[in-house]
Amino acid sequence: MSRLKFLYIAPFVAIAAMAAQAQTVGEYSLDQGFVTFKAPPDWPAIMQKTEGNPQFVAFQVKDPADTDSGEATRVTVETKLLDDSGNFQAQVNGGLERIKQSPGYEARADGVDPSVLRYFALNGKARYEYRETWYLNGHLIVHVRCARPMLAATTAAWTAEYEKGCAQIMQSLKPH
C-alpha cells in the first residue's frame with residue numbers, strides 16, 4: 001500500500017476502532033448473547049464464567065470507605081438454564097428462603113420497588129445491604145445481587161452512584 005493511501009485510510013480505521021470499542025465498554029453478555037446487560041463502565045469485572053451452566057459476571061464497585069476495612073462492594077449477574085421454565089418460581093422461593101435464614105436478616109421495605117428484594121444481613125461481622133431480583137428470560141433464570149457493606153465513611157454521593165448503577169443493571173436485564 002502506498003504511503004499516501006495509508007495516510008488517507010488510517011484516520012478512518014482509527015475512528016472505526018474507537019467506535020467499536022465505545023459500543024462495548026460496559027456491555028456484557030451471557031449464554032451466547034441471549035442475555036445482555038449494561039454496567040457502569042468504571043465497575044471492573046473481577047470474575048467471569050461465560051461457558052457452561054450456570055454463567056456469571058461479578059463486579060467490584062470501589063468505595064473509598066472500603067480501603068483497609070476488609071470489606072468490598074460486589075455486584076453479580078448470574079444465569080442458569082432451567083430444564084423447565086415452570087421451575088422458575090420454585091428457584092426464586094428457594095433463594096428467598098436461604099436469604100431469610102442469613103444471620104442478621106432484616107427486610108427493608110421503605111420506598112422500594114416490590115420486584116426487588118432489599119434487606120440487611122451480616123457478612124461475617126459486617127452489616128451489608130443487599131438488593132436482589134430474579135427474571136425469567138426464556139428458559140434462563142437471571143439473578144442480580146448488589147451487596148455493599150454499611151460503612152460509616154461511605155458518602156451519600158457514592159451511595160447514589162452505586163444505587164444508580166445497580167438500577168441500570170437490573171433495568172437493562174428486565175425482559176421487555
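Every read-out reported here was derived from the displayed coordinates using simple, explicitly stated rules and does not represent laboratory data. Not measured: the values here are computed from a predicted model. Don't worry about glycine lacking a Cβ; one is built from the backbone with ideal geometry, like all the others, and counts go over all protein chains shown.
With the range 73-170 as the region, which strands (runs of 3 or more DSSP E) entirely inside it contain at least 1 residues that are among the small types (Gly, Ala, Ser) and touching an Asp or Glu at 6+ places or on another chain (Cβ under 9 Å)?
Details: elements: 73-81, 117-123, 126-137, 140-149.
Result: 117-123, 126-137, 140-149.
Any idea how many residues of the range 117-131 are closer than 17 Å to ALA160 by Cα and either touching a Pro at 6+ places or on another chain (Cβ under 7 Å) or in contact (Cβ under 8 Å) with a residue 24 or more places away in the chain (or both)?
3
Taking the residues in the range 35-70 that are of a type in the set (Lys, Arg) and part of a strand (DSSP E or B) as candidates, determine which candidate is farthest from TYR135 (Cα to Cα).
Of the residues in the range 35-70, the ones of a type in the set (Lys, Arg) are 38, 49, 62.
Those still in the list that are part of a strand (DSSP E or B) too: 38, 49.
Details: LYS38: 16, LYS49: 19 Å.
Across the range 35-70, the extreme among qualifying residues is LYS49.
Among the residues of the range 66-115, count how many are acidic (Asp, Glu), surrounded by 15 or more Cβ atoms within 10 Å (Cβ to Cβ) and either touching a Cys at 6+ places or on another chain (Cβ under 7 Å) or within 14 Å of VAL144 (Cβ to Cβ) (or both). Before the answer, list the steps.
Of the residues in the range 66-115, the ones acidic (Asp, Glu) are 66, 68, 71, 78, 83-84, 97, 106, 110, 113.
Add one more test, that the residue is surrounded by 15 or more Cβ atoms within 10 Å (Cβ to Cβ), and what stays is 66, 71, 78.
When the remaining residues are screened for being either touching a Cys at 6+ places or on another chain (Cβ under 7 Å) or within 14 Å of VAL144 (Cβ to Cβ) (or both), the result is 78.
Count: 1.
Can we say PHE56 is over 18 Å from CYS166 (Cβ atoms), of a type in the set (Phe, Trp, Tyr) and free of Cβ contacts under 8 Å to residues at least 60 places away in the same chain?
Numbers: over 18 Å from CYS166 (Cβ atoms): no; of a type in the set (Phe, Trp, Tyr): yes; free of Cβ contacts under 8 Å to residues at least 60 places away in the same chain: yes.
When the stated conditions are applied, PHE56 does not pass them.
Starting from the range 90-113, take each residue that is on the phi < 0 side of the Ramachandran plot and list its partners that are among the basic types (Lys, Arg), counting only C-beta distances under 7 angstrom and pairs at least six apart or across chains.
Within 7 Å, the pairs are ARG108/ARG118; VAL112/ARG118.
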